[in-house]
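The structure appears below as structure tokens.
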Amino acid sequence: MNEIERIIELRKQLHQHNYNYYVLSAPTISDKEFDMSLKELQELEEKHPEMFDANSPTQRVGSDLNEEFQTVAHIRPMLSLANTYNIEEVRDFYQRVSDALHGQPFQVCAELKYDGLSISLHYHNGELRQAVTRGDGVQGDDVTANVRTIRSIPLVLNSDIIDIPEDFEIRGEILMPWSSFERLNKEREQNGEDLFANPRNAASGTLKSKNPKVVSQRGLDAYLYFLLGDDIPNEGHYENMNIARSWGFQVSRDMQLCNTLDELWEYITYWDTHRKELPVATDGIVIKVNSIAQQKALGMTAKSPRWAIAYKFQAEQASTILREVTFQVGRTGVVTPVANMDSVQLSGTMVHRATLHNADILASLDLHIGDRVLVEKGGEIIPKIVGKDDNFAQTNGTGSPIQFIQRCPVCGTALIRGEEEASHYCPNDLHCTPQIIGRLEHFVSRKAMNINLVGPELIQQYHRQGLLNDIADFYSITHDKKIADSIAQSTQVPFERVLFALGIRFVGEIAAKTLARKFKSIDNIMSATAEELLEVDGIGKVIAESVINYFASAENRTLIERLKNVGIQFTLSEEVLAAQSDTLSGQSIVISGVFTHHSRDEYKRIIEQHGGKNVGSISAKTSFILAGDNMGPAKLEKAQKLGVRIVSEEEFLGMIQ
Ligand code: IVH
């Protein structure tokens with residue numbers, strides 16, 4: 001056997017061992033033997049660069065090259081599923097299916113709903129060609145280089161199997177198993193990095209990493225659940241997935257065919273408890289009509305198929321004792337009640353603090369110190385208290401119900417609650433320490449002035465030393481040359497970001513951009529009346545009032561003066577001004593399909609720059625649809641029905657020159 005033949009043989013063997021190990025969890029050789037074969041292959045490939053193959057087992061480690069993602073169109077749109085939350089809604093689904101099938105009998109396939117991010121894998125001649133994220137369902141990011149590093153995804157299918165279609169797509173979920181998630185967060189904690197809130201965020205952050213080598217080390221996994229193509233082997237979804245497993249894909253063994261609603265409900269109740277034993281996160285059950293012919297007959301709505309539905313599990317709850325309620329003051333002065341509780345295990349992490357949101361929610365919970373409470377993590381980052389644990393009525397706490405505070409816990413100022421607002425806030429914005437610190441931190445943050453040499457600790461230190469009391473003080477810091485330079489650089493930050501950096505209540509990134517573009521300078525904004533502000537699309541009463549209040553303060557106006565004096569950008573740059581026009585003023589434009597000259601996001605920006613408004617769905621008010629290739633059939637139909645004009649990419653570019 002010559003070296004070339006050996007390369008081919010080793011690749012085939014290693015693909016099989018990889019499958020045995022990562023998919024079957026049944027390795028037939030030792031790790032050491034595996035490593036030795038891999039090393040041999042690596043050496044041979046180095047000697048024979050002409051044999052390079054992106055799907056070789058040696059490529060699993062990923063390259064350090066920076067990958068920019070291309071946006072690509074899905075061959076078939078990636079739909080989502082309608083959700084149900086109880087047996088009645090599942091029964092309704094059954095009934096709808098039965099009616100639509102004119103009483104024909106049907107089977108459903110029940111399977112776990114994996115809580116990760118969906119991916120579409122395209123195979124051609126038994127090899128992985130392309131992996132694309134869901135994106136907006138019509139187009140997604142090409143993340144093939146990253147996906148190649150996921151060991152349970154086969155790069156090359158076993159060529160001894162003869163029934164593999166030449167071309168097919170298989171969809172599934174990319175996940176970070178609990179074990180990898182915990183390891184990763186531990187590492188990040190040690191490095192002082194932000195922790196991922198849950199495995200889904202961690203998986204998504206990882207898959208979007210521009211560095212495949214990082215991805216390769218993060219221990220991602222994948223389950224496949226949907227096979228598509230012109231030559232699909234079987235008439236049943238369940239059967240197809242079993243066949244796909246034999247081709248080398250990791251397909252869940254926990255799928256089950258059900259003939260009745262009772263069988264299905266039994267499956268659901270079983271997995272509601274047993275899912276906690278699974279190595280990955282799940283958030284429900286997916287129910288699919290099994291016959292592909294029946295699926296076709298049922299068809300789909302604009303958003304989701306009529307032949308499938310998701311049943312979502314109740315969020316996991318834990319019971320613990322409430323010890324104290326503290327009140328936190330945020331950057332904009334909003335005061336949030338926080339419950340401090342005995343630590344308890346919840347969805348895989350230890351929890352001892354939970355948000356109580358605001359005064360109304362606090363009051364409705366009627367809490368006492370010592371109460372036994374139920375905490376819930378709705379797949380979300382911050383746990384919340386949902387109520388008292390009624391199973392433990394005898395362990396109720398003592399004293400009077402916990403009340404919202406009247407005065408700021410830090411500076412003692414009487415709190416205010418806006419007319420239509422849920423939250424209380426401390427109006428002493430200029431002299432209340434957490435607000436000062438919060439504003440300073442916000443000012444230097446990445447999306448604001450992006451002064452990356454100055455972090456929270458340095459801000460605290462400077463504030464303690466009396467060097468930093470407001471954002472203009474940054475520009476008087478001179479003792480450290482490097483830091484002073486990085487601060488000085490921020491005078492180049494464009495006006496729209498400066499406006500956001502000021503930290504005016506309710507003026508987020510988007511509102512700042514809108515105001516900057518409309519009024520073009522800080523002076524114009526400062527002299528605008530509430531009516532003028534309200535005329536701007538996207539600026540409502542709350543924002544307008546807040547802007548007026550901000551500039552009504554003499555202290556804030558002095559602050560702006562001082563910032564002007566150090567050269568901060570307070571007018572729209574020439575470039576932005578030049579790119580602006582009113583060509584599309586007053587027009588509501590829907591973007592649909594796949595484009596060649598600009599990305600969707602760019603078109604969105606272009607529309608805004610020319611005074612138009614990008615809207616999500618077609619209605620009689622839509623001025624026109626900017627349509628690329630592969631515009632969805634449902635949208636097209638709706639547009640025709642409503643007589644909305646369809647404008648091609650070229651035509652549109654012509655309109656705005
Ligand atoms: S089937 C048209 N099966 O849930 C069929 N989806 O809300 C669509 N998901 O976007 C997908 N586990 O990311 C299907 N066993 C499963 C699933 C599953 C998780 C995700 C998927 C999808 C979302 C639907």
| Residues of region 602-637 that turn out to be within 17 Å of Arg76 (Cβ to Cβ), free of Cβ contacts under 8 Å to residues at least 40 places away in the same chain and not in a loop (DSSP other than H, G, I, E, B), as a count | 2
| Right, Ile161: in contact (Cβ under 8 Å) with a residue 40 or more places away in the chain, more than 15 Å from the ligand (Cβ to nearest atom), touching a Ser or Thr at 6+ places or on another chain (Cβ under 8 Å) and among the β-branched types (Val, Ile, Thr) or not? | yes
| said: Six or more apart or on different chains, Cβ atoms under 7 Å: show the pairs whose first residue is in region 221-243 and under 26 Å from Thr206 (Cα atoms) and of a type in the set (A, V, I, L, M, F, W, C) and whose second is outside any helix (DSSP H, G or I) and more than 14 Å from the ligand (Cβ to nearest atom). | reply: Ala222/Ile150; Ala222/Ser152; Ala222/Ile153; Leu227/Phe168
| query | Quick check, is Phe69 among the aromatic types (Phe, Trp, Tyr) and farther than 30 Å from Lys303 by Cα? | reply | no
| field | Scope region 70-115; condition modelled with pLDDT of 95 or more and closer than 27 Å to Met176 by Cα; matching residues | value | Cys109, Ala110, Glu111, Leu112, Lys113, Tyr114
| request: Kindly indicate whether Glu68 is at negative phi, under 29 Å from the mean Cα position of the chain (by Cα), within 16 Å of the ligand (Cβ to nearest atom) and in contact (Cβ under 8 Å) with a residue 40 or more places away in the chain. | output: no
| request: State all residues of region 311-325 that are in a strand (DSSP E or B) and either within 21 Å of the chain's Cα centre (by Cα) or within 16 Å of the ligand (Cβ to nearest atom) (or both); if no residue qualifies, say none. | output: Tyr311, Lys312, Glu316
| said: Take Pro177 and tell me if it is in contact (Cβ under 8 Å) with a residue 12 or more places away in the chain, away from the ligand (no atom under 16 Å from the Cβ) and farther than 21 Å from Leu81 by Cα. | reply: no
| field | Residue satisfying condition, being of a type in the set (D, E, K, R) and surrounded by 14 or more Cβ atoms within 10 Å (Cβ to Cβ), within set Arg562, Arg557 | value | Arg562
| message | Residues that are within 12 Å of the ligand (Cβ to nearest atom), among the basic types (Lys, Arg) and not in a helix (DSSP H, G or I): does region 295-310 have at least one? | response | yes
| message | I'd like to check which helices (runs of 4 or more DSSP H) are fully inside region 492-599 and have at least 2 residues that are closer than 30 Å to Arg134 by Cα. | response | 509-519
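Which residues, taken from region 414-463, are acidic (Asp, Glu) and under 28 Å from the mean Cα position of the chain (by Cα)? Don't jump to the end; show me each part of the working.
Just the residues of region 414-463 that are acidic (Asp, Glu), to begin with: 419-421, 429, 441, 457.
Result: Glu421, Glu441.
Based on what the data block shows, is Thr332 within 27 Å of the chain's Cα centre (by Cα), at pLDDT below 95, within 30 Å of Pro105 (Cα to Cα) and β-branched (Val, Ile, Thr)? Break it down stepwise before answering.
Numbers: within 27 Å of the chain's Cα centre (by Cα): yes; at pLDDT below 95: yes; within 30 Å of Pro105 (Cα to Cα): no; β-branched (Val, Ile, Thr): yes.
No: the conditions fail for Thr332.
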| remark: Arg275: passes all of (1) surrounded by fewer than 16 Cβ atoms within 10 Å (Cβ to Cβ); (2) farther than 22 Å from Leu128 by Cα; (3) charged (D, E, K, R) but (1)
| said: Restricting to region 78-95, give me the number of residues that are farther than 28 Å from Val132 by Cβ and either among the hydrophobic types (A, V, I, L, M, F, W, C) or away from the ligand (no atom under 16 Å from the Cβ) (or both). | reply: 9
| task | Return the residue satisfying two criteria in turn: it lies in region 123-144 and is under 16 Å from Phe226 (Cα atoms) and either within 16 Å of the ligand (Cβ to nearest atom) or at pLDDT below 95 (or both), and of such residues it is surrounded by the most Cβ atoms within 10 Å (Cβ to Cβ). | result | Val132
| query | Failed condition for Thr282, given (1) within 30 Å of Gly103 (Cα to Cα); (2) within 16 Å of the ligand (Cβ to nearest atom), with all others met? | reply | (1)
| request: Search region 76-103 for residues that are over 18 Å from Asp283 (Cβ atoms) and pair each with any residue that is away from the ligand (no atom under 16 Å from the Cβ) and in a loop (DSSP other than H, G, I, E, B) when their beta-carbon atoms are under 7 Å apart and the residues are at least 6 apart or on different chains. | output: Val97/Phe106
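Being within 22 Å of the chain's Cα centre (by Cα) and buried (at least 19 other Cβ atoms within 10 Å of the Cβ) narrows it down to one residue among Val108, Val90, Val97, Val147; which is it? Lay out the reasoning, then the answer.
On the way: Val108 fails: within 22 Å of the chain's Cα centre (by Cα); Val90 fails: within 22 Å of the chain's Cα centre (by Cα); Val97 fails: within 22 Å of the chain's Cα centre (by Cα).
Answer to the selection: Val147.
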| field | Matching residues in region 204-244 - criterion: being charged (D, E, K, R) and more than 14 Å from the ligand (Cβ to nearest atom) | value | Lys208, Lys210, Lys213, Arg218, Asp230, Asp231, Glu235, Glu239
| message | Of everything in region 426-468, what is outside any helix (DSSP H, G or I), within 24 Å of Phe495 (Cβ to Cβ) and without any contact (Cβ under 8 Å) to a residue 60 or more places away in the chain? Give them in sequence order. | response | Ser445, Arg446, Ala448, Met449, Asn450, Ile451, Asn452, Leu453, Val454, Leu468
| Unmet requirement for Thr514, which otherwise passes all of (1) closer than 23 Å to Glu457 by Cβ; (2) under 31 Å from the mean Cα position of the chain (by Cα); (3) of a type in the set (Ser, Thr, Tyr) | (1)
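If you check Tyr550, Tyr475, which single one turns out to be in contact (Cβ under 8 Å) with a residue 40 or more places away in the chain, over 18 Å from Asp429 (Cβ atoms), aromatic (Phe, Trp, Tyr) and out of contact with any strand residue (DSSP E or B) (no Cβ under 6 Å at 6 or more places or on another chain)? Break it down stepwise before answering.
Working: Tyr550 fails: over 18 Å from Asp429 (Cβ atoms).
Matching residue, one of Tyr550, Tyr475: Tyr475.
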| remark: Filtering region 250-273 down to residues that are within 13 Å of the ligand (Cβ to nearest atom), of a type outside the set (Lys, Arg) and assigned to a loop (DSSP other than H, G, I, E, B) yields Gln250, Ser252, Asp254, Met255
| Taking region 478-501 only, how many residues are surrounded by fewer than 20 Cβ atoms within 10 Å (Cβ to Cβ), of a type in the set (A, V, I, L, M) and in contact (Cβ under 8 Å) with a residue 12 or more places away in the chain? | 3
| request: Could you please let me know if Glu33 is away from the ligand (no atom under 16 Å from the Cβ), closer than 30 Å to Gln314 by Cα, part of a helix (DSSP H, G or I) and acidic (Asp, Glu)? | output: no
| Among (1) surrounded by 15 or more Cβ atoms within 10 Å (Cβ to Cβ); (2) assigned to a strand (DSSP E or B); (3) out of contact with any Phe, Trp or Tyr (no Cβ under 7 Å at 6 or more places or on another chain) - the single one Pro337 does not satisfy | (3)
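For Asn55, indicate whether it is in contact with a helix residue (DSSP H, G or I) (Cβ under 9 Å, 6 or more places away or on another chain), among the polar types (S, T, N, Q), more than 16 Å from the ligand (Cβ to nearest atom) and within 21 Å of Gln250 (Cα to Cα). Even if it seems obvious, please write down each step before you answer.
Working: in contact with a helix residue (DSSP H, G or I) (Cβ under 9 Å, 6 or more places away or on another chain): yes; among the polar types (S, T, N, Q): yes; more than 16 Å from the ligand (Cβ to nearest atom): yes; within 21 Å of Gln250 (Cα to Cα): yes.
In short, yes.
The values are calculated or read from the model by the stated rules, or taken from the named source; none is laboratory data. Everything numeric in this text was worked out from a predicted model, so none of it was measured. A quick note on method: Cβ atoms are made from the backbone with ideal geometry, for glycine too, and the neighbour counts reach across all protein chains shown.
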